[in-house]
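Here is the structure we will look at.
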């Protein structure tokens, strides 16, 4: 399932499943069956559509499995419909502790009365973004005033790849046959992610651009990206790979001279694409509303959103710089994130 929250859930569930005295199950859509036969996580891929007709099947599985914790993963956008927002309240009747993780800010722009049941349902909250409450309208801050809040940072859904010089040369040779630099964009291809800005930031004379992400012929934005890559001055200087397995993505990110993620709304370390690039040691250019300039520890340059000239200059200045092993080891891991979750769960159960 091509979904950032899905990637997060899979990584967290597997990390929790490796812990002693912990059993983990994931209840999800029919498309979300287990990928590995040795998986330590039990998966119930049963949901056909997220509406009330599915509730009794969900309730039957929960009643049979008898969890201590029922943990929901919610973006602020998506999963619209009656059932998702009612489930935390309905399943609290099974006497399990309810936890929700909110992956995006609930702001004035993306919140509506349809999510009110999430705010007033029993249970407590984990967030992956800092200063979460301050981004919420005052009324919603008041509604959640009695809930326990825990900030647990995100980590990469892409494995870290340690390449030899020969391996790096081989991977680069799949895209470039000259002394050009390899510039990569990785992630979902939505207008607010800013992949189109890559062709204003990079220089076709000096750079070869690789876009890693699912492209659909029916999507006008994807069509515009393809057209730009196929016409002057980017003809022969840009490659679209489509969707790739996580290990393949990691290798390309690790072989790149820079990863450019020019999010129009600004990003941060909660973004899994940013994490995936940074843990490879590769220099990253991205945007932020909170910070500006070069972070030497993370090897990331934060430009202001849509400041094309700033991102161009950063690319020229730091292109090819690689992070140290010591700095990379400071990034959060799924094992540490799982430990923080277990600590939170235990505090609720006791």
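The values are calculated or read from the model by the stated rules, or taken from the named source; none is laboratory data. Remember, it's a predicted structure, so these values are computed and weren't measured experimentally. Cβ: placed from backbone, ideal geometry, glycine included. Neighbour counts: every protein chain shown.
What the table shows:
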{"quantity": "Helices (runs of 4 or more DSSP H) wholly inside the range 204-297 containing at least 3 residues that are in contact with a helix residue (DSSP H, G or I) (Cβ under 6 Å, 6 or more places away or on another chain) and buried (at least 16 other Cβ atoms within 10 Å of the Cβ)", "calculated": "246-255"}
{"quantity": "Count - residues of the range 43-66 that are within 23 Å of the chain's Cα centre (by Cα) and either outside the structural domain of residue 345 (by TED's automatic domain parsing) or surrounded by 15 or more Cβ atoms within 10 Å (Cβ to Cβ) (or both)", "calculated": "4"}
{"quantity": "Residue that is nearest to residue 273 (Cα to Cα), among those in the range 160-187 that are touching a helix residue (DSSP H, G or I) at 6+ places or on another chain (Cβ under 9 Å) and surrounded by fewer than 14 Cβ atoms within 10 Å (Cβ to Cβ)", "calculated": "162"}
{"quantity": "Any chance residue 337 is assigned by TED's automatic domain parsing to the domain that holds residue 97 and under 15 Å from residue 279 (Cβ atoms)", "calculated": "yes"}
{"quantity": "Residue count, the range 198-215 (criterion: over 20 Å from the mean Cα position of the chain (by Cα) and within 24 Å of residue 158 (Cβ to Cβ))", "calculated": "6"}
{"quantity": "For residue 161: the one exception among (1) at pLDDT 90 or above; (2) under 21 Å from residue 234 (Cα atoms)", "calculated": "(2)"}
{"quantity": "Selected residue [assigned by TED's automatic domain parsing to the domain that holds residue 310 and touching a residue at least 24 places away in the same chain (Cβ under 8 Å)] from 232, 221", "calculated": "221"}
{"quantity": "Considering residues of the range 305-350 that are in a loop (DSSP other than H, G, I, E, B) and under 13 Å from residue 201 (Cβ atoms) only, the residue nearest to the chain's Cα centre (by Cα)", "calculated": "305"}
{"quantity": "Restricting the range 146-181 to residues that are under 26 Å from the mean Cα position of the chain (by Cα) and part of a helix (DSSP H, G or I), the residue that is farthest from residue 211 (Cα to Cα)", "calculated": "168"}
{"quantity": "Residue in the range 182-189 that is in a strand (DSSP E or B) and farther than 30 Å from residue 284 by Cα present", "calculated": "no"}
